[in-house]
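Asker: Submitted below is the structure of interest, expressed as structure tokens.
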Amino acid sequence: MHHDKKFAVVNPSKMCQPMGAVQALLGVKNTMPLIHGSQGCSTYMRFQLIRHFREPIEVASTSMNEKTVIYGGEFNLMKALKNITEKQSPDMIVVTSSCLTETIGDDMAGIIEKFKDANLDNELPVIIPVSTPSYVESHVEGYNRTIKALVEHLATPSVPNGKINIITGNISPADCKQVKDLLYQLNCDSIILTDTSENLDAPLTEETLSLYNEGTSIEEIEDTANSLGTISLSKHVDSAAIFLEKKFGVKSISGPLPLGFENTDQFVTSVCELGDLEIPESVEKDRGRLLDAMVDAHSYNFHRKVAIFGDPDFVSGMTRFTSELGMIPSVVCTGTESERFTEDVKLISKEKGINPVILAGGDLFDMHQAIKKAGADILIGNAYGASTAKEENIPLLRVGFPIFDRLGAQRISVLGYKGSIEFVDKITNTLLDFYYDEAGYEIVDEKTEEILREEGDEGFEEDFMSKEEI
Amino acid sequence: MPYKLFDVDKEIPERKKHTYVKHCSDPEECMPHCNTTTIPGSMSERGCAFAGAKGVITGALKDVVHVVHSPVGCTFYAGGTKRYPTSPNMPDGSKFPIENFNLKYVCGTDLMESDVVFGGMKKLKQSIIEAAQEFPEANAIYAYATCTTGLIGDDMDAVAKELTTELGIDILAFNAPGFAGPSQSKGHHIANHTLFDRLVGTKEPPTTTPYDIGLIGEYNIDGDLWILESYFKEMGIRILSRFTGDACHDELCFMHRAKLNLVRCQRSATYIADLIKEKYDVPYINVDFFSTKYCAENLRTIGKYFGLEEEADKVIADRMAKVTPELEFYKKKLTGKKVYIFSGGPKSWHLAIPLENELGMEVTAVASQFEHEDGYVKMKNRTREGTLIVDDPNSMELEEMITKDKPDLILAGIKEKYMAHKLGVPSIMIHSYENGPYIGFEGFVNLAKDMYSNIYNPVWNMIDFEENPAPEETEIDVESGETPENEAKVSK
Ligand code: SF4
């Protein structure tokens, strides 16, 4: 039974701004994210990040408590800056606010200045504050603001570098690698904001650094003012690009996420136009391989209903891609309220002749109700979709964040021609596993019904429980 | 000096008093400083009071809807994070219709800027009403303050009171905002008091027996409670109320009718046992069921209390016959292995002696995120000379310990796990387990088995760090093909 909810959120499909900030900072070299707030937030975030990436991840906190809440956070912030500076000597500390410190109205920039004044004789890291109140928008905006703050504080014009800035948004390390690889093939020099490809998918060494020695460096961020242009893969994280365009005349292109055939074409076109580059044969070949994979898969995917949830640009990109595959997106849901998202999906719907239920600012409970009505043969999204998939007896194809109940979240890729090929194979094989018999023939409906009647929902087990506590 | 300053803490000398090296001759008061505010920027692993209330105490209940009064973050992070399964069984014999309801849903008020400015009471009220409509099967609704709502001063108790009358089910407000107290421990405390004040004594159980107990501080992590329940059942003892693993809301309301309370997690739940004792005169005993020895001892104590000694002995004998051969195998394999126990609270002292005595391991470091003095006294008493006892540790300190001391295994949380892996050391999740349950006789075998299979995995032999070649302890028995089952057969 579903009543139209106006106030409550049930099983949210968005996170708060500081989480987006941390996600952005995990791709910056030698940098420590510091959340100015109570310690619960950083612990919860580390918990989500670590169980997703299965890598050691550090997020510092100013550990505010009831006493410091009354007197303001100056003491705690100064103390944290001192301890991190001395103990870890990072190149940069990025201080993000939280709902707590925004509510008490701490002046982070002022406190940071005070800290600098008190330490004139010491060598200090670059310290940048970002305002990321949790009660405004979502983690996507936190990511956006953080990249903007980095660029605002650091970008410095000097000589043109002939590079293209790429703002990735929250994508997997493997996708970051796909994008870098594609740029390399295109012979395009780039600055990646931010480059998580090594930090969050690190080889086993005897080291476990609390700071990452790979990723985007301060120098690279400074150099973004001298690039040919900026491409924001996600339209929702383009504030830094717009800033660079206005202030330094660096051309900005927003989206789309290079997910699937048409979107990757568009990305390649943007890169080639900005950099005055030719498309090499190797890229043409990958493009051809993607088409080949789509053709090989077409008879299995055709007219399968798909429900998709996650970050806005991922969902709209996936809506287009699954439509390209001949599938029918039936429910598309993002936790972030966004007109851009709704417009995008409407445009795709018109172009592709589909009519999905669009939930912008929806939660997973809404999504589940919508799936019950509109139907879906497969669900695409993060691990929090597992119980919905189980209840509806459909497979969940795990893409997005967080994925804590399967291995290899950092290695899931869907971007570029190559990532898209991986995705086509994966979604088709998932459908084959679920709806086809050993010989590759579709299990006819009566039989499916019979199996359902016999087994109840025991036939499809999903481990939606996590194994860890806080 | 019994206190030690880690190299990584050179710049934070305050950390020194939290790190104690046990010396048997030290005076009693020598122990790590604990339960004090966290040092900002020290990379603590502690959680917040809200996490302690919802994440530990109330989240285990099977038939309650939780409404987190917060911006979306706290709500998101509080959902589906802990592994405490629930059964549909209700005390009156009926079945709760949604399986693992507690793991499936979390509601929130999704506060926006205007709510922060003008107050969030209206939204909270509406959200609770809607939650009641969405989940008509729920028997109560619990609402939680968080940092933001604690600060803006929303009177949640008033809302709870008003709606309890209006909706006709219990609505509770938990005022444990994230910034309260030094750690999640404060949240345990507040939740205990709230549940006692609002619920205990408000209902009567459907039936009572002379053998009714309250099992307090057992949260059914990965099925722990169900193991213990099977022992009690065989002894003829009934668990009247669980606090709070696999419990329903009503069970808390008639906790005062137990004949005896057992306090399993003494950090998070002694509060309510004390309150019940004081007001209703129900005695309680502290119990420990980790390992065969503690489990047997405690079952005997409980048996004795109810005059069921023989029944207790029968359970013990039956389980010991089942687990002894396997445990012998694991003891052989684990003897001499160096292990750290980094628990959230009391598991460090629960497990220290069992790992040493029953499995032959060497516990050379123990730590806790939020234990209080009484817990550290036990840690001190139950560890060997030279053991490091660390309060509120962080991963850099753990890294230093691992690099210098080279343990064979660490028992810790997920936040430490992958760091240990990078250093070539296996790690078992001790908060929510790998392949639990870990409690009781069978549970101890599960733990031993997980430790064995983690240490003896051949992958550790393939790691070839330049300066330090693979430690020879991790050799495996490839040729003999030994497994506990084979071994057990042989020993018969
Ligand atoms: S905002 Fe406060 S209550 Fe919420 S997770 Fe952070 S510390 Fe805990």
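The values are calculated or read from the model by the stated rules, or taken from the named source; none is laboratory data. The shown structure was predicted, so the numbers you read here are calculated from the model rather than taken from an experiment. All Cβ positions, glycine included, derive from the backbone under ideal geometry; neighbour counts span all protein chains shown. With ligands, DNA and RNA removed, areas are computed over all heavy atoms of the protein, side chains included. Shrake-Rupley method; radii C 1.70, N 1.55, O 1.52, S 1.80 Å.
Asker: Starting from the residue with the highest accessible area, list B:Glu29, B:Glu99, A:Glu55 in decreasing order, probe 1.4 Å.
Answerer: B:Glu29, B:Glu99, A:Glu55
Asker: Estimate for me the total accessible surface buried between chains B and A (protein heavy atoms, probe 1.4 Å, no ligands or nucleic acids), in Å² to the nearest 100.
Answerer: About 7500 Å² of accessible surface is lost on pairing.
Asker: Decide, for the range A:223-350, between rounded, prolate and oblate: order the square roots of the alpha carbon gyration tensor eigenvalues as a ≥ b ≥ c, take rounded if a/c falls under 1.5, and otherwise choose prolate if a/b is larger than b/c, else oblate.
Answerer: oblate
Asker: Further question: Where in the range B:403-421 does accessible area fall by at least 50 Å² between the isolated chain and the complete protein assembly, at a 1.4 Å probe radius?
Answerer: B:Ile414, B:Lys415, B:Tyr418
Asker: Might you work out the accessible area of B:Glu11 for me, using a 1.4 Å probe with all protein chains in place, and round it to the nearest 10 Å²?
Answerer: 50 Å²
Asker: Additional query: Can you pull the accessible area of A:Lys372 for me, 1.4 Å probe, Å² to the nearest 10?
Answerer: About 110 Å², rounded to the nearest 10.
Asker: I'm checking a number: the convex hull volume of the Cα atoms of the range B:212-314, normalised per residue, in Å³. What is it?
Answerer: It is 89 Å³ per residue.
Asker: So, R0 is 22 Å and r is the distance between the beta-carbons of A:Ser89 and B:Asp26; what FRET efficiency does that work out to, to 0.05?
Answerer: Values: r = 35 Å, r/R0 = 1.60.
Calculated transfer efficiency: 0.05.
Asker: To check you understand DSSP bridge types, tell me what percent of the beta bridges within the protein assembly as shown (both residues inside) are antiparallel, rounded to 5.
Answerer: Around 10 percent antiparallel, to the nearest 5.
Asker: Ignoring everything except DSSP H segments at least 4 long, calculate the 222 nm mean residue ellipticity for the protein assembly as shown; use -39,500 (n - 2.57) per segment, divide by total residues, nearest 500.
Answerer: That calculation yields -13500 deg cm²/dmol at 222 nm.
Asker: Another one. Which whole-number value in Å² is the accessible area per residue of the protein assembly as shown, probe 1.4 Å?
Answerer: 37 Å²
Asker: Then there is this: I'd like the Kirkwood hydrodynamic radius of chain B, using the inverse of the mean 1/r over distinct C-alpha pairs, in Å.
Answerer: Evaluated over chain B, this radius sits at 23.9 Å.
Asker: Calculated FRET efficiency, B:Asp374 and A:Asn393, Cβ-Cβ r, R0 51 Å, to nearest 0.05? Mind showing how you got there, number by number?
Answerer: Details: r = 50 Å, r/R0 = 0.98.
Efficiency for this residue pair is about 0.55.
Asker: So which aspartates and glutamates can B:Lys279 reach, going by Cα to Cα under 14 Å and dropping same-chain residues fewer than 8 places off?
Answerer: Within the straight-line limit of under 14 Å, B:Lys279 reaches these aspartates and glutamates: B:Asp197.
Asker: Sticking with this structure for a sec: Once each part is reduced to its C-alpha centroid, what is the distance from the range B:325-339 to the range A:209-244 in angstrom?
Answerer: The distance from the Cα centre of the range B:325-339 to that of the range A:209-244 comes to 53 Å.
Asker: Here's something else I'd like to know. Quick one: how many Å² of A:Cys188 are accessible to a 1.4 Å probe, rounded to 10?
Answerer: Estimated to the nearest 10 Å², A:Cys188 gives 20 Å².
Asker: Give the distance, in whole Å, between the Cα centre of the range A:267-322 and the Cα centre of the range A:86-126.
Answerer: The range A:267-322 and the range A:86-126 have Cα centres separated by 43 Å.
Asker: Using the structure shown, list the pairs from B:Lys82/B:Lys293; A:Lys177/A:Lys390; A:Lys426/B:Lys415; B:Lys293/B:Lys378; A:Lys177/A:Lys235; B:Lys54/B:Lys95 with a Cα-Cα distance above 22 Å, or answer none.
Answerer: B:Lys82/B:Lys293; A:Lys177/A:Lys390; A:Lys426/B:Lys415; B:Lys54/B:Lys95
Asker: Ranked from the most accessible area to the least, with a 1.4 Å probe and all protein chains present, what is the order of B:Tyr105, B:Tyr20?
Answerer: Of B:Tyr105, B:Tyr20, the descending order of accessible area is B:Tyr105, B:Tyr20.
Asker: Could you tell me which of rounded, prolate or oblate describes the range B:357-438, using a ≥ b ≥ c as the square roots of the eigenvalues of the alpha-carbon gyration tensor, with rounded for a/c under 1.5 and, failing that, prolate when a/b is larger than b/c and oblate otherwise?
Answerer: The shape class here is rounded.
Asker: Gap in Å between the Cα centre of the range B:368-420 and the Cα centre of the range B:102-119?
Answerer: The range B:102-119 and the range B:368-420 have Cα centres separated by 36 Å.
Asker: If you don't mind, there's one more thing I want to ask. Can you sort B:Lys22, B:Lys293 by solvent-accessible area, 1.4 Å probe, largest first? Don't jump to the answer; show the numbers that get you there.
Answerer: Values: B:Lys22 20, B:Lys293 115 Å².
Solvent-accessible surface, decreasing: B:Lys293, B:Lys22.
Asker: Take the solvent-accessible surface of the protein heavy atoms, probe 1.4 Å, and return the percent of it on chain B that carbon and sulfur atoms account for.
Answerer: Reported share for carbon and sulfur atoms: 52 percent.
Asker: With just the Cα atoms of the protein assembly as shown, tell me how far they stretch along each of the three principal axes, in Å, largest first.
Answerer: 88, 75, 69
Asker: Multiplying the sequence separation of A:Asp117 and A:Asp276 by 0.36 nm and subtracting their Cα-Cα distance, what value in nm do you get?
Answerer: Here the answer is 52.6 nm.
Asker: How much of the DSSP bridge set in chain A is antiparallel, in percent, rounded to the nearest 5? Spell out each step's value before the answer.
Answerer: Values: 2 of 42 bridges.
Around 5 percent of the beta bridges assigned by DSSP in chain A are antiparallel ones.
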